[in-house]
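Here is the structure we will look at, set down as structure tokens.
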Amino acid sequence: MNQYRISGFADEIAPDLTTQLKVIGRLGMQHIEMRGVDGDNLINHSDESVKKIKQRLDAAGVTLSALGSPLGKIGITDEFAPHMESFKRAVEIAHRMDCNRIRMFSFYLPEGKPAEYRGEVIERLGQFVDYAKANDVVLLHENEKGIYGEMAAECLDLMKQFYGANFKAIFDFANFVQAGQDTLEAYEMLRPYIAYIHVKDAILENGKVVPAGMGDGNVSKILTDLYHNGFDGYLSLEPHLFGFTGFAALEKDGVSIQDTGKVLSGSEAFTLAHDSLLKILAQI
């Protein structure tokens with residue numbers, strides 16, 4: 001259990017950094033995977049704003065486990081040059097935040113056509129990886145619905161192409177469940193490449209996100225195996241248990257997957273996700 005470092009998307013607590021820090025402090029957490037902060041994604045903030053955010057994190061004794069960037073979350077046929085400039089800016093901000101890990105994706109594809117666009121995906125990711133190598137950052141590729149790396153086979157393809165010191169895998173249980181991918185099968189395929197975990201679970205029948213251990217993601221089995229094989233990466237809470245600010249933008253086509261009948265506050269949802277993970281870790 002002491003191998004695990006718990007982080008999380010604190011923008012699911014609240015948009016403002018003050019509330020984010022208050023809640024993660026109450027939970028005893030020392031890390032954030034920073035995505036949205038004070039109304040915008042971190043990579044869109046000015047130099048002065050980034051400096052102030054860093055000062056506030058330092059004062060609270062909190063570090064970033066990764067930049068939760070949206071890089072690679074554009075269509076594969078969308079113009080790439082402006083996105084590459086955003087990528088370069090993210091790398092710059094990562095250095096300013098003393099964090100060398102950046103979460104990213106492998107581009108939205110027309111439905112059911114991964115093979116047709118594989119070459120363009122590889123070309124674009126190759127530019128990302130080359131820049132990452134030259135600038136000493138680690139790209140963490142997340143399996144996500146609708147992108148090239150939606151299913152385990154395509155994620156494995158990317159790992160075989162690019163895996164190394166600057167390109168590693170995030171394993172997201174719920175995203176695989178929602179894509180219809182068996183998580184145990186995915187884990188067996190991707191285990192050597194996994195450096196980071198997104199902790200959320202989902203129900204196969206309807207795609208609803210639920211706290212870790214309450215869905216079909218085999219969260220406990222996989223975390224147990226990771227633990228016994230010496231995994232020392234971050235477990236990053238991504239509750240997705242309610243419609244927080246910016247939620248629609250994260251779900252492809254703006255479709256929310258939640259219909260729980262109960263509205264949780266950001267703090268309640270994040271705390272529920274945190275406590276559910278701790279129960280699993282205590283069993284391990």
Just give me the residues in segment 18-41 being buried (at least 23 other Cβ atoms within 10 Å of the Cβ) and either over 22 Å from Ala195 (Cα atoms) or polar (S, T, N, Q) (or both), in sequence order. Gln20, Ile24, Gly36, Val37
Give me the pairs, please: first residue somewhere in segment 129-141 and in contact (Cβ under 8 Å) with a residue 12 or more places away in the chain, second residue anywhere and of a type in the set (Ser, Thr, Tyr), beta-carbon distance under 7 Å, and either six or more positions apart or on two chains. Leu140/Tyr196; His141/Ser106
Scan of segment 100-141 for residues that are of a type in the set (Phe, Trp, Tyr) and open to solvent by less than 60 Å² (accessible area, probe 1.4 Å), ordered by number: Phe105, Phe107, Tyr108, Tyr117, Phe128
Taking Gly230 as the residue in question, decide whether it is part of a loop (DSSP other than H, G, I, E, B) and modelled with pLDDT under 90. no
Quick one: which residue in Glu144, Glu150 is charged (D, E, K, R), open to solvent by 40 Å² or more (accessible area, probe 1.4 Å) and out of contact with any His (no Cβ under 8 Å at 6 or more places or on another chain)? Glu150
Any idea which of (1) within 22 Å of Cys155 (Cβ to Cβ); (2) surrounded by 19 or more Cβ atoms within 10 Å (Cβ to Cβ); (3) not basic (Lys, Arg) is the one Phe80 doesn't satisfy? (2)
Residue check for Ser65: at pLDDT 95 or above, small (Gly, Ala, Ser), under 22 Å from the mean Cα position of the chain (by Cα) and surrounded by 13 or more Cβ atoms within 10 Å (Cβ to Cβ): yes
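The values are calculated or read from the model by the stated rules, or taken from the named source; none is laboratory data. Being a predicted model, the structure only gives us computed values, none of them experimental. Every residue, glycine among them, receives a Cβ derived from its backbone with ideal geometry; neighbour counts consider all protein chains shown. Calculation scope for accessible area: heavy atoms of the full protein, side chains included, ligands and nucleic acids excluded. Shrake-Rupley method; radii C 1.70, N 1.55, O 1.52, S 1.80 Å.
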